[in-house]
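Structure, as structure tokens:
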Amino acid sequence: MLLAARSAVALYRLLDVLPALSGDDRLTRLFTLVPGSDFGPGVLSAIDRVGGRVIPWSEACARTHDLVVAASPKGELSLLRGPHVLLPHGAGYNKSIPGEGSADSASGLDPAHLLRADGDAPLGLHAVAHPDQLARLSTLGRWASGRARVVGDPTLERVLASRPLRDRYRAALGTGPRTLLVLASTWGPESLLSQRPGLPVELATRLPHDEYQVALVVHPNEHSRLGGYELNERLAPALEAGLVLAAPHEEWASLLVAADALVTDHGSTALYYCAAGDRPIVSAPHGGTELIPGSPMHTLLRRIPRLEPPETAGAAGTVAAVAEALDAYRPGPGREAAEAAFACQGDALDRLRTEVYALLGLEPPPLANPVRPLPSPTRPGRGPVAFDVHAEVAPDGVRLARRALGDTPGHHLAVEYGAASEPLTRSAGLLFLRPVNSSVSRAELAWTPEGWTEHALAACPGCRTAAAILPSGHCLLRVRGHPRPYVVRAEPRREGGRTARADPAAAASAAHAWLVAHGATPTAPVRLECHLGERAYRLVLRPVGAGPEDPSECPSPHSG
């Protein structure tokens, strides 16, 4: 079996299908790169990552194969001998590519790429995802539809099978009780990143960190065109503010399952999100000249709220515009768009397996379930280490909004000690230290919580408060000029059978803001309300020695 890929996205579609043929030692799976695409360089490295065996194009053309499987009709596939299987390249066939093929045909269903001359390698199966796609092929003639079969979308099968893993994916991302907002960008000049390149960093720095987590799904073609290093450098300010950048294989789909809301352009990623659940979705760019009228994405974008362009909303209004657009979404359009793009939901791989084995003339081996759930995403490696903290202080509590360091200074600057630069560390009003993993099997030198807070205030004369976060989630808080430190803890909230916990660093900022505003040095425990968006957490502020907690008996938060 030869798996022929012209681009990384086509390769990933093939990899989603292979579980339907796994467990069969009669099949040998070989890969080759179909030449001619600007996005070809990413294919070989992607095959190498999965451990596939690659044969050169010249060798692939010289052999005769029992089956040739591709997920794009483009390139000189007719040079490959053996019955061909053509799989869906994406969802919905929603756009045409300017300057490529027929101007009025969807990429993937374009007769300029599907038509084969007499004597070319035969097309044994053209698998499509929906009867509407079969009808579009039928208008081209019997030659285009004769071997077409509606089997559904194999990639969608993995998304649907992975829905029970949603909580696991969110735990892997560190989302917690926050809203996970995903941005989806296709490739080309009309994509979200081309039309609104500043949107990821705007949202990552201006949305409150304790209420939102922002992620970005970028089309594999852009990963291939730019390379990982260049893409990361372009997005560096957003990544440093906590943006999650999805890997182009599998992880993008895990994020769609985990997401609470989506901002999309005209790329078909949005249809997989809609199929996984009818959750809020808004459009940013609207497809321009690439979008095929009447396609599922064209219909969806006409029915969902639109994000106002920056010249209308203004830089300061981007966050409000996103929130307003998401609030305006009403269930229905997302579900209907998914139904217009995907048929046979739940049994696509079984259908495809039956068709492929019939072409091979083999009896399929027994297999209980060919669908492999998506893997958990990798926890983001970068995140905010400095926050502009906005605080509204009342006698009985604090309303807090922490934003990754940007252009909106607030009540104080909170900086993570040992993670931020020297200038930021010395500029902090609040320094906080997170616990690090420690092993008693190796030599170590460790601060006590009290020792570190004393050291931090001595080393940084401009700092007002130092907070050591303990492994328990409590904080030891020392305020300059106060006679003794405090133990601070935010009590968890119960929410319909779940428990929501606040970031201890947010609790430290709330206690710092309240103590500074009131100029008080409490001698007895104080109970406060810490409001983070719509959630309120009870905060207990206790002077050391005024209660049972003694931070000196807690494990060290830092080794150094």
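Some points to look at:
- Yes/no for residue 330 being part of a helix (DSSP H, G or I), basic (Lys, Arg) and either at pLDDT 90 or above or closer than 30 Å to residue 134 by Cα (or both): no
- Count - residues of the range 219-245 that are farther than 17 Å from residue 265 by Cα and assigned to a loop (DSSP other than H, G, I, E, B): 5
- Residue, least open to solvent (accessible area, probe 1.4 Å), within the range 453-474, restricted to residues that are more than 14 Å from residue 507 (Cα to Cα) and of a type in the set (Gly, Ala, Ser): 456
- Any hit, the range 431-441, residues being farther than 14 Å from residue 385 by Cβ, at pLDDT 90 or above and crowded, with 22+ Cβ neighbours inside 10 Å: no
- Hits in the range 361-379 - residues which are open to solvent by 40 Å² or more (accessible area, probe 1.4 Å) and either touching a residue at least 40 places away in the same chain (Cβ under 8 Å) or under 30 Å from residue 516 (Cβ atoms) (or both): 362, 364, 367, 372, 373, 375, 376, 378, 379
- Selection status of residue 253, under 11 Å from the mean Cα position of the chain (by Cα) and over 17 Å from residue 219 (Cβ atoms): no
- The listed residues are 483, 384, and the only one of them that is crowded, with 19+ Cβ neighbours inside 10 Å, at pLDDT below 95 and outside any helix (DSSP H, G or I) turns out to be 384.
- Selection count where residues are in contact (Cβ under 8 Å) with a residue 60 or more places away in the chain, assigned to a loop (DSSP other than H, G, I, E, B) and open to solvent by 30 Å² or more (accessible area, probe 1.4 Å), scope the range 188-197: 1
- Within the range 294-320, the set of residues being crowded, with 20+ Cβ neighbours inside 10 Å, over 17 Å from residue 275 (Cβ atoms) and either among the aromatic types (Phe, Trp, Tyr) or at pLDDT 85 or above (or both) comprises just one member, 307.
- Exactly one residue out of 388, 407 is in contact with a strand residue (DSSP E or B) (Cβ under 6 Å, 6 or more places away or on another chain) and charged (D, E, K, R), and it is 388.
- The range 198-223, residues that are open to solvent by less than 30 Å² (accessible area, probe 1.4 Å) and closer than 21 Å to residue 38 by Cα: 217, 218, 220, 221, 222
- Test for residue 182: is it in contact with a Leu (Cβ under 6 Å, 6 or more places away or on another chain) and either in a strand (DSSP E or B) or among the hydrophobic types (A, V, I, L, M, F, W, C) (or both): yes
- The residue that is surrounded by the fewest Cβ atoms within 10 Å (Cβ to Cβ), counting only those in the range 486-499 that are under 20 Å from residue 389 (Cβ atoms) and not charged (D, E, K, R), is 490.
- Any chance residue 138 is at pLDDT below 75, on the phi < 0 side of the Ramachandran plot and of a type outside the set (Lys, Arg): no
- Checking 166, 178 one by one, the residue that is crowded, with 20+ Cβ neighbours inside 10 Å, under 15 Å from the mean Cα position of the chain (by Cα) and not acidic (Asp, Glu) is 178 and no other.
- Between 355, 339, the distinction of being farther than 30 Å from residue 66 by Cα, in a helix (DSSP H, G or I) and open to solvent by 10 Å² or more (accessible area, probe 1.4 Å) belongs to 339 only.
- Of the residues making up the range 342-352, those that are surrounded by 18 or more Cβ atoms within 10 Å (Cβ to Cβ), of a type outside the set (Gly, Ala, Ser) and outside any helix (DSSP H, G or I) number 2.
- Breaking point among (1) in a helix (DSSP H, G or I); (2) surrounded by 21 or more Cβ atoms within 10 Å (Cβ to Cβ), for residue 248: (1)
- Residue in the range 390-407 that is over 25 Å from residue 486 (Cα atoms) and surrounded by fewer than 19 Cβ atoms within 10 Å (Cβ to Cβ) present: yes
- Matching residues, the range 515-535, being within 26 Å of residue 319 (Cβ to Cβ), among the hydrophobic types (A, V, I, L, M, F, W, C) and open to solvent by less than 60 Å² (accessible area, probe 1.4 Å): 530, 532
- In this structure, residue 400 does satisfy being under 30 Å from residue 489 (Cβ atoms) and either out of contact with any Ser or Thr (no Cβ under 9 Å at 6 or more places or on another chain) or of a type outside the set (Gly, Ala, Ser) (or both).
- Failed condition for residue 258, given (1) without any contact (Cβ under 8 Å) to a residue 24 or more places away in the chain; (2) within 25 Å of residue 380 (Cβ to Cβ): (1)
The values are calculated or read from the model by the stated rules, or taken from the named source; none is laboratory data. Everything numeric in this text was worked out from a predicted model, so none of it was measured. When we count neighbours, we look across all protein chains shown, and the Cβ atoms used for this are built from the backbone with ideal geometry, even at glycine. With ligands, DNA and RNA removed, areas are computed over all heavy atoms of the protein, side chains included. Shrake-Rupley method; radii C 1.70, N 1.55, O 1.52, S 1.80 Å.
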